[in-house]
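The values are calculated or read from the model by the stated rules, or taken from the named source; none is laboratory data. This is a predicted model, so every value here is computed, not measured. Cβ sites come from the backbone with ideal geometry, for glycine too, and all protein chains shown count toward neighbours.
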Amino acid sequence: MRTRIATLSFIAVGVLAAAGQITAAQTPAPKPAPLPPEKPAATEKAREKTVPAKVLFGAKALPSIGKSMAIGYYPLGCLSGGVELPINGPNWQVMRLSRNRNWGHPSLVNFIEKFAAQASKATGWNGILVGDMAQPRGGPTVSDHASHQTGLDVDIWFMPMPDHVLSKEERDTIPASNLVAADWKHLNPQTWTSDHIAFIKTAAQQPEVERVLVNAAIKKELCRVEANQPHAWMSKVRPWYGHHDHIHVRLRCPADSPQCKAQPPVTGVDGCSAKELDYWFSPKVIPPRKPGPPGRQTMLADLPAACKGVLEAADKKTSVATDNRK
Ligand SMILES: [Zn+2]
């Protein structure tokens, strides 16, 4: 009976409401059902499948929690527990702060701090200018810097650190010094100095360094100048596209990173023969071509499986004042 009355009154209210004779405020509104909980995991999953990995990694302002590890291969990997190179040191300053790429595996940060002092001594420079290392969690970058994904690569400029602390604006706008002439075959006598030989040699002599990449015109000159000296270090110095305004130093896989994929070690051949150098001065390389349209984008699934965990991990607490980059 009670049910019947309730049903009737419900119908009555419904009819009246439909006829516009009672207001919504009067209607005994049934309690709204709670909204289904949001599914961040599902949303995240969908994004991972459709958004390129460079966008996902580029959006992370801070490193992941967890043990510091280089994961994967230099151009296809990521960095767990990244650490920051301070933007100023006794012998270095970090450039292009707005890129937020002064992060690396601890072995890279240690290397740069040590090399900064060694290079200063070898060249007489005040110090070095540090360009790109890795993003806080490594991975591909939005500017398509192909390598630098595991926190073991660093670009160091071919110019001395000035004698003052650079402003944020100076760090973002000062151009790097180009050592190569406009024909891409010779060095520019206005910018090339013997200090640069000492600078490159010092980098290549460090045992933790796996490769040092320079423009072919620089490699050729090093081969000429060092021909009659012992130069075992020369086998680590390899010609590569660009690299006319910075060296790219790549460290070998650290012992604490079992998922780091090593490069084949150098063979000890100095790479100075015509056979090895000629290609770099052929029409296949010179003049440098503009990059073509981007190919297939790297997706999270292309990276080692552990990189998903790195991407999704909580932020590591750090003392970094992130607003000094913006
Ligand atoms: Zn580089």
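Table for the structure above
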item: Those residues of the range 87-143 which are among the small types (Gly, Ala, Ser), in contact with a Ser or Thr (Cβ under 6 Å, 6 or more places away or on another chain) and in contact (Cβ under 8 Å) with a residue 40 or more places away in the chain, in sequence order; result: Ala119, Ala122, Gly138
item: Residue list for the range 244-259, restricted to those being acidic (Asp, Glu) and within 14 Å of the ligand (Cβ to nearest atom); result: Asp245
item: Any chance Val249 is surrounded by 10 or more Cβ atoms within 10 Å (Cβ to Cβ) and within 28 Å of Asn88 (Cβ to Cβ); result: yes
item: Unmet requirement for Pro294, which otherwise passes all of (1) buried (at least 16 other Cβ atoms within 10 Å of the Cβ); (2) assigned to a loop (DSSP other than H, G, I, E, B); result: (1)
item: Residue in the range 236-243 that is surrounded by fewer than 20 Cβ atoms within 10 Å (Cβ to Cβ), under 16 Å from Arg96 (Cβ atoms), within 26 Å of the chain's Cα centre (by Cα) and within 15 Å of the ligand (Cβ to nearest atom) present; result: yes
item: Tabulated pairs, the range 239-259, first within 13 Å of Leu108 (Cα to Cα) and part of a loop (DSSP other than H, G, I, E, B), second within 16 Å of the ligand (Cβ to nearest atom) and charged (D, E, K, R), C-beta under 8 angstrom, 6+ apart or interchain; result: Arg252/Glu210
item: Residues being over 17 Å from the mean Cα position of the chain (by Cα) and either within 13 Å of the ligand (Cβ to nearest atom) or not β-branched (Val, Ile, Thr) (or both) - total across the range 118-133; result: 9
item: Selected residue (criterion: farthest from the ligand (Cβ to nearest atom)) from residues of the range 134-160 that are touching a strand residue (DSSP E or B) at 6+ places or on another chain (Cβ under 9 Å) and over 24 Å from Ala305 (Cβ atoms); result: Pro160
item: Any hit, the range 143-163, residues being over 12 Å from Val94 (Cα atoms), of a type in the set (Asp, Glu) and either crowded, with 18+ Cβ neighbours inside 10 Å or in contact with a Cys (Cβ under 8 Å, 6 or more places away or on another chain) (or both); result: yes
item: Residue that is farthest from the ligand (Cβ to nearest atom) [pool: residues in the range 213-230 that are closer than 21 Å to Phe281 by Cβ and either at pLDDT below 95 or touching a Cys at 6+ places or on another chain (Cβ under 9 Å) (or both)]; result: Ala227
item: Residues located in the range 202-219, provided they are surrounded by fewer than 20 Cβ atoms within 10 Å (Cβ to Cβ) and assigned to a helix (DSSP H, G or I); result: Thr202
item: Condition met for Glu48 (more than 18 Å from Leu300 (Cβ to Cβ) and among the charged types (D, E, K, R)); result: no
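Residues are listed down the side, and each one gets a yes or a no for (1) touching a helix residue (DSSP H, G or I) at 6+ places or on another chain (Cβ under 9 Å); (2) closer than 16 Å to His243 by Cβ; (3) of a type outside the set (Ser, Thr, Tyr); (4) free of Cβ contacts under 8 Å to residues at least 40 places away in the same chain:
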| residue | (1), (2), (3), (4) |
| --- | --- |
| Lys185 | yes, yes, yes, no |
| Gln190 | no, no, yes, yes |
| Thr193 | yes, no, no, yes |
| Ile197 | yes, yes, yes, yes |
| Ile200 | yes, yes, yes, no |
| Cys223 | yes, yes, yes, no |
| Pro230 | no, no, yes, yes |
